[in-house]
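Note sheet for the following structure.
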Amino acid sequence: ENVMFYELKQWYQRRVRGLTRGTLGEPARFTVHAGNAGVGELSVKISNPSSDPIMPLVEELGLGEYNISYVPNQFGDYVISVLWAEQHVPGSPFRSVVLGPPDATKCVISGEGLHVARPGWPAEFLVNAQTAGVGHITANLQGANSNPAVEVEEYGEGKFRGTYTPKESGDHDLFVYWSNEPVPGSPYLVHVEDSLPPSALIKTTGGRMLQGETVHRAGESIELDVDTQEAGDGQLAAVAIGPKGDAVPVEIIPNRNRTFTLKLLTSRGGRYLVNVYFNGAHIPNSPFKVRVCNPEAIWAEGPGLMDSFTEDQGDFQVFTRDAGHGTLSVRVNGPKDKFRVDMWKGADRTVNCRYNPEVPGKYTINIKWEDEHIKGSPYSIMVRKKSSSDAITPALQ
């Protein structure tokens, strides 16, 4: 019995750089993994903003893995078509943006480290330069008697984190540049004081809410342990913003010694932002991001999920709009390997699926979200050859 397995990551998750962004005159690279795609050949077609073809370099690494590279020759949008066995892979054709010249005015700067810090304690700020063109980030901090080093790292595509540790109290000037041009607001006046606001002394000591990369299940209670002992007297408050922008209550349970447990009860899939305040100010790392999936919110429909004939195409759709974060997988078990399964993105987070059952027999279709069956899965269908009586259709009277 042959098993053909195809997996589709949610299309809004981060892809490799060459499929989403590029730099004029510099190689853009991405990787194709086709180890589970069955028999076929890889084909890559790339066109620039003028619709002229760009010749890619395809390097086969073995075990179904390929490195692809191309050199953009214009600014603007590129179309990248990736095909296996003459069929588009999920998400193809892709759109890649080749960035223009640097524009520091389009950088977005945020973080407590732009305004306040404490001697001997790390402070940080964030720079979002995704729409600021091709460039690089630099920063420096100047105090009355010292100039602490500012370390900058890229933590996401076009997103940067700056970190510094001031050595002395007093006002400092923080200069932030994008390709040697000051970003909006630079230089920033940073007040460095021995005593920080009470909210900065709050500690988060445990709980699944700190597991930012974990995908939780809808209906679960997600907790956060908070220690307010060093902050002294004050008011702890919390509210969450749900996937649809609505306010979601957060339960605050007092424990001993000025410690608390916060509980967020999720009801739907998506991203939640949990804002935790002490005396009206955010505690460190607030808001907390919580990712939630909801397999029960997914359903599938279409003739490919019902009994059919070998001459019919097995078409069906999977609707994932309210599923939240997660991975969709479709596994089709059939009597032989004389069929192929294709998956491609539709509108409104719909996934279109197609297989061609050329061999009669029993087929089982497993549809899972985050490795959990959706409603109705697994589907069991019978495919049979069409007889002469099946081919007869009644005449219209």
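The table that follows gives values for the structure above.
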read-out	value
First in the range 141-153 and assigned to a loop (DSSP other than H, G, I, E, B), second anywhere and open to solvent by 80 Å² or more (accessible area, probe 1.4 Å), Cβ under 7 Å, 6 or more apart	SER146/LYS167; PRO148/LYS167
Residue selected from the range 345-368 under the condition assigned to a helix (DSSP H, G or I) and not small (Gly, Ala, Ser), by the criterion surrounded by the fewest Cβ atoms within 10 Å (Cβ to Cβ)	ASP348
Unmet requirement for PRO122, which otherwise passes all of (1) within 23 Å of the chain's Cα centre (by Cα); (2) open to solvent by 50 Å² or more (accessible area, probe 1.4 Å); (3) of a type outside the set (A, V, I, L, M, F, W, C)	(1)
Tally of residues being at pLDDT below 80 and open to solvent by less than 50 Å² (accessible area, probe 1.4 Å) across the range 12-39	9
Residue check, ASN294 closer than 30 Å to VAL226 by Cβ and either open to solvent by less than 20 Å² (accessible area, probe 1.4 Å) or over 20 Å from the mean Cα position of the chain (by Cα) (or both)	no
Test: ASP171 is in contact (Cβ under 8 Å) with a residue 40 or more places away in the chain and surrounded by fewer than 16 Cβ atoms within 10 Å (Cβ to Cβ)	no
Candidate set: the range 369-387, residues that are of a type in the set (S, T, N, Q) and at pLDDT 80 or above; chosen: the one surrounded by the fewest Cβ atoms within 10 Å (Cβ to Cβ)	SER380
Selection from the range 227-252 of residues that are surrounded by 11 or more Cβ atoms within 10 Å (Cβ to Cβ) and assigned to a strand (DSSP E or B)	ASP227, LEU236, ALA237, ALA238, VAL239, ALA240, ILE241, VAL248, PRO249, VAL250, GLU251, ILE252
Residue tally, condition within 18 Å of ASP246 (Cα to Cα), surrounded by fewer than 16 Cβ atoms within 10 Å (Cβ to Cβ) and among the polar types (S, T, N, Q), over the range 261-291	1
Any hit, the range 93-101, residues being out of contact with any Ser or Thr (no Cβ under 9 Å at 6 or more places or on another chain), crowded, with 16+ Cβ neighbours inside 10 Å, of a type in the set (A, V, I, L, M, F, W, C) and modelled with pLDDT under 80	no
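The values are calculated or read from the model by the stated rules, or taken from the named source; none is laboratory data. In this text, all values refer to a predicted model and were calculated from it rather than measured experimentally. Methodologically, a virtual Cβ is constructed for each residue, glycine included, from the backbone with ideal geometry; neighbour enumeration extends over all protein chains shown. Surface accessibility is based on the protein's heavy atoms, side chains included, excluding ligands, DNA and RNA. Shrake-Rupley method; radii C 1.70, N 1.55, O 1.52, S 1.80 Å.
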